[in-house]
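One structure, pasted below without further comment.
What follows is calculated from the coordinates using simple rules that are stated; it is not laboratory data. On a predicted model such as this, the values are computed, not experimentally measured, just so you know. Note that each Cβ is placed from the backbone with ideal geometry, even for glycine, and that neighbours are counted across all protein chains shown.
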Amino acid sequence: MFVRHLILLLLWILYCVLHSVLATSSVKLFLGKVLGKLSRYYRLFYSLFATVTLIFVLYFQYSFISPVLINSIFIKYTALVALAMPGLIIMIISIIKYFKLLSGVRSLYQARPASGLKLNGIHNYVRHPLYLGTLLFTWGLFCIFPMLHNLIAVGVITLYVLIGITFEEKKLINEFGSEYADYMSQVPVLIPRLKGRTSTKKGQPFGHP
């Protein structure tokens, strides 16, 4: 049992590392030169690869029995209402907001998507809503199904999100300069503010890959 949990830990780390490396500008630039005209579909290929590998990791995760760490009905129902459901709602809102761009679907009919920041809607309250929703949802699921393999998954995902935000913020500052720096000063990174920004700018959503 210990060996399988260790393998699961390594698989989640490998998944997150690949997910990050393939999203870096240097890798995208290199593959852009190699793929030529096909590079416009890179984001779509990236999304498909991420989905397939995620399914593989989850399949392995639930292919063996894992010990239960917590046995509390109160915690389960509290997590469902306070974490999992809000997290799922935020994720759905975020995905609907910029599914076409982040999934790569837009590349099927638009060769060069417009660039820019999207600072309206949910981005008025939190800078990284998809990351926020992911953390709430995954930790909610762990509290509902508090098994060791779920703790391993949510632990690695949390570390990945926190590290990813740091690098992504640096990339956005380099790309958008004072515009994004001003946005950072007004909107929190993960904990939403009750009052949204009064000034908004429409454009395309930011994020990787």
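Work through the residues other than residue 25 whose Cβ is under 12 Å from its Cβ and net out their charges, Lys, Arg +1 and Asp, Glu -1.
Numbers: positive: 28, 170, 171; negative: 168, 175.
So the environment of residue 25 carries a net charge of +1.
Excluding residue 165 itself, what net charge comes from residues whose Cβ is under 13 Å from its Cβ, given Lys and Arg +1 and Asp and Glu -1?
+1
Under the rule of at least 5 residues apart or a separate chain, name every residue whose amide H is placed under 5 Å from the amide H of residue 147.
The answer is 69.
Let me ask you something else. Specify whether the C-alpha gyration tensor of segment 116-161 places it in the rounded, prolate or oblate class, a ≥ b ≥ c being the square roots of the eigenvalues: rounded for a/c under 1.5, otherwise prolate if a/b is larger than b/c and oblate if not.
prolate
By how many nm would the segment from residue 194 to residue 63 lengthen if fully extended, with 0.36 nm per residue of separation less the alpha-carbon distance?
Contour length minus Cα-Cα distance gives 43.0 nm.
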